[in-house]
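Participant: Just dropping this structure here.
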Amino acid sequence: MTRIAIFIMLVLISINAAFIIYAYKLEDEIKDVNLPNVDGKMVSLEDYPKAKGFIIVFTCNHCPYAKAYEERIIQLNEKYASSYPVIAINSNDGVAYPDDSFEAMKKRSAQKKYRFVYLHDESQAVARIFGAAKTPHVYLIHKEQDKNVIKYVGAIDDNYSDETAVKKHYVEEAIAALNKGEKVIIKETKAIGCSIKWK
């Protein structure tokens, strides 16, 4: 193997390792999120000083799984807006998938009357640092001594196709535990959804 080939291989390994090393894990403190909302305004987690935490959901417009969970995401925000508001983020490539463009996001938000922010992660940097892979993919954040800490990662519940058949409400159960000052029992589940469409 030539020196050039070895050098290229080492560079590629280093790049892949960087993505792995810097993806958030459970109990990690996250950095602030600063992304444009569908109303054109920049949104930061610091805009919610009274929140106990956040339900960060990587989602999109076109994915059947995201559509199946859309009403449940709306309901989560209605129930927890004052304590754990929903922060919806679309990181899909809007050029390759026009249904997930910023303009399409604006239309979807207006059509469904979202009462939560729907942020555009055009660079996909936020999805990468979180390690998000699916839509929807949930990260439940809890404020601990002014730090935003990941307490749960995964699916919203245990049945994407039939809301009436849900037996485990993972996000709600985690919030209930946190509100009682208890440890979250189920901290991680497999996110069921479409893959994030990378550039």
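Participant: Please state the relative contact order of the chain as a whole percent: Cα pairs under 8 Å, 6+ residues apart? Write out the running numbers ahead of the final one.
Facilitator: Numbers: 349 pairs, mean separation 49.6, N = 199.
Answer for the chain is 25 percent.
Participant: Continuing with the same structure: Suppose we flag chymotrypsin sites (Phe, Trp or Tyr not before Pro) only when DSSP calls them loop and at most 12 other Cβ atoms lie within 10 Å. Which is the longest uninterrupted stretch of the chain? Let's see the in-between values first.
Facilitator: On the way: sites that count: Tyr22, Trp198.
My reading of the result: 23-197 is the longest stretch.
Participant: So if I place +1 on the C-beta of Lys and Arg and -1 on the C-beta of Asp and Glu, and nothing else carries charge, what would the dipole magnitude of the range 24-195 be about its Cα centre? I want it in debye, nearest 20. Don't jump to the answer; show the numbers that get you there.
Facilitator: Details: 25 positive and 26 negative charges, 55 e Å.
Roughly 260 debye for the range 24-195.
Participant: Moving on. Return the loop-located GluC sites (Glu not before Pro) in the range 103-196 (DSSP other than H, G, I, E, B) with at most 12 other Cβ atoms within 10 Å of their own Cβ; answer none if there are none. Mind dumping the intermediate values first?
Facilitator: Numbers: sites: Glu103, Glu122, Glu144, Glu163, Glu172, Glu173, Glu182, Glu188; in loops: Glu122, Glu182.
For GluC sites (Glu not before Pro) across the range 103-196 that sit outside H, G, I, E and B with at most 12 neighbouring Cβ atoms in 10 Å, the list reads Glu182.
Participant: Something else: When the chain is fully extended, how far beyond the present Cα-Cα distance does Lys183 get from His169, taking 0.36 nm per residue of separation?
Facilitator: On the way: separation 14, 0.36 × 14 = 5.04 nm, distance 1.58 nm.
Stretched out fully, the Lys183 to His169 stretch lengthens by 3.5 nm.
Participant: Going by Cβ distance under 4.7 Å, what cysteines of the chain have no possible disulfide partner?
Facilitator: Cys60
Participant: If r is the Cβ-Cβ distance from Met42 to Ala96 and R0 is 25 Å, what FRET efficiency results, to the nearest 0.05? All intermediate terms of the calculation are to be shown ahead of the outcome.
Facilitator: Numbers: r = 25 Å, r/R0 = 1.00.
Efficiency for this residue pair is about 0.50.
Participant: Assuming R0 = 22 Å, what is the FRET efficiency of Gln124 and Asn34, from their Cβ-Cβ distance, to the nearest 0.05?
Facilitator: Details: r = 15 Å, r/R0 = 0.66.
After rounding, the FRET efficiency stands at 0.90.
Participant: Of the cross-linked pairs Lys167/Lys187; Lys52/Lys113; Lys107/Lys134; Lys107/Lys190; Lys147/Lys199; Lys67/Lys151, which ones have a Cα-Cα span greater than 27 Å in the structure shown? Walk me through the intermediate numbers first.
Facilitator: Values: Lys167/Lys187 16 Å; Lys52/Lys113 24 Å; Lys107/Lys134 22 Å; Lys107/Lys190 30 Å; Lys147/Lys199 31 Å; Lys67/Lys151 25 Å.
Exceeds cut-off: Lys107/Lys190; Lys147/Lys199.
Participant: I would also like to ask the following. For the chain, what is the calculated [θ] at 222 nm in deg cm²/dmol (nearest 500), taking -39500 (n - 2.57) for each run of four or more DSSP H residues and dividing by its residue count? Could the numbers behind the result be given before it?
Facilitator: Working: 5 runs with 63 residues, N = 199.
Computed mean residue ellipticity for the chain: -10000 deg cm²/dmol.
Participant: Simple spin-label model, 7 Å along Cα-to-Cβ: Glu78 to Glu144 in nm?
Facilitator: Label-label distance for Glu78 and Glu144, simple model: 3.2 nm.
Throughout, read-outs are computed from the coordinates displayed, never taken from laboratory work. In this text, all values refer to a predicted model and were calculated from it rather than measured experimentally. Please note: Cβ atoms are built from the backbone with ideal geometry, for glycine as well, and neighbour counts cover all protein chains shown.
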